[in-house]
Amino acid sequence: MKYLIILEPTSTGFSAYSPDLEGCIAAGDDRDETIALMREAIVFHLEGLQEEGLPIPQPASEAAVVEVGGGGDYFRSSSSLARIGPKTFAIDLPPIYRIAVAEAATMIGK
């Protein structure tokens, strides 16, 4: 099975979690170490669920990257939620989350 993991840079390296596996996290000194540790954490997590007779969550999360041009195609509102088109909304994320989403999309492409 392939689970999406989200990588986040920290002041000491990287941390990671999987949206499909609540409580399954890892942290490492660099990106590659964190991915390796997260792989181990997922295996350990799934083994624990299986030993307890609990259901194994199926991978369901996915990532997407949206490009936003520099022109006035979005704006900030007091709630950080802005209407772009008739049915489209964007949430203004802090830079660290934009990096995590970009990293997740890169991983999906591999």
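What the table below lists for this structure:
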quantity: Neighbourhood charge, 13 Å Cβ-Cβ cut-off, centred on residue 59 and excluding it, Lys, Arg +1 and Asp, Glu -1; calculated: -1
quantity: Stretch gain in nm, segment residue 56-residue 22, where the contour uses 0.36 nm per residue and the Cα spacing is subtracted; calculated: 11.1 nm
quantity: Nearest-0.05 FRET efficiency for residue 8 and residue 66, computed from C-beta distance (R0 22 Å); calculated: 0.70
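Computed from the coordinates by the stated procedures, all read-outs in this text should not be read as laboratory data. Being a predicted model, the structure only gives us computed values, none of them experimental. Quick reminder, even Gly has a Cβ in these numbers, built from the backbone with ideal geometry, and neighbours come from all protein chains shown.
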